[in-house]
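Structure first, commentary second.
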Amino acid sequence: MKIHELAIKTGLTAPTIRFYEKEGLLDSRHVLRGKNNYRDYSEETIEHLKIIKRLQSVGFSLGEMRELFQEYAVNKLTISKGIELIDLFREKIREIEQKQIEFEQIHRTLNEMLEAKILLMNELENENNV
């Protein structure tokens, strides 16, 4: 598929997709060049880009993702690299758990503010109807 169609299916812009390719997050499994030098993306690329978006949203850097994808593609691991990746996963899990706590706190605060405004609006409405 061409980049425009891929952009529509993923919600990303064409320049963002090109940037990810330039940064090494898309490889030959995801993009091929035709005789006309146009990029042709595989169906697998859609899910891969969605994974990139999710990883970014929880704090993975482009470098961390690149390393993760390269290790996954090669499918062989040294002990030191394995320990490094395990540590990275554990750290990201801790960060996500902390963000969950923060989101829950914000959620509670917003609900309290909403309830207070609804009560105030009801009181004002009752005063105006008297």
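The values are calculated or read from the model by the stated rules, or taken from the named source; none is laboratory data. Computed from a prediction, not measured in an experiment: that's the story for all the values here. Cβ coordinates were reconstructed from backbone atoms using ideal geometry, including for glycine residues, and neighbour counts include every protein chain displayed. Each accessible area value is taken on the protein alone, full model and side chains, heavy atoms only, with ligands, DNA and RNA left out. Shrake-Rupley method; radii C 1.70, N 1.55, O 1.52, S 1.80 Å.
Just a few scattered comments:
- Per residue, the average separation of C-alpha pairs within less than 8 Å and at least 6 apart gives the stretch 1-104 a relative contact order of 23 percent.
- Label point distance in nm, residue 80-residue 101, each placed 7 Å from Cα along Cα→Cβ: 3.4 nm
- Spacing of the modelled spin labels on residue 94 and residue 14, each 7 Å from Cα toward Cβ, amounts to 4.4 nm.
- Of the trypsin sites (Lys or Arg not before Pro) found in the stretch 46-123, the ones in coil according to DSSP and having at most 11 other Cβ atoms within 10 Å of their Cβ are 76.
- Distance between the 7 Å Cα→Cβ label points at residue 2 and residue 23: 2.6 nm.
- Among (1) 14.7, 45; (2) 22.9, 78; (3) 14.6, 49, the entry that matches Rg and Dmax of the Cα atoms in Å as calculated here: (2)
- When the GluC sites (Glu not before Pro) in the stretch 2-66 are filtered for DSSP coil states and for at most 15 other beta-carbon atoms within 10 Å of their beta-carbon, the remaining sites are 23, 43.
- Carbon + sulfur, % of accessible area of the chain - ligands and nucleic acids excluded, 1.4 Å: 58 percent
- Ligands, DNA and RNA are left out, and with a 1.4 angstrom probe the accessible area of the stretch 16-130 is 76 Å² per residue.
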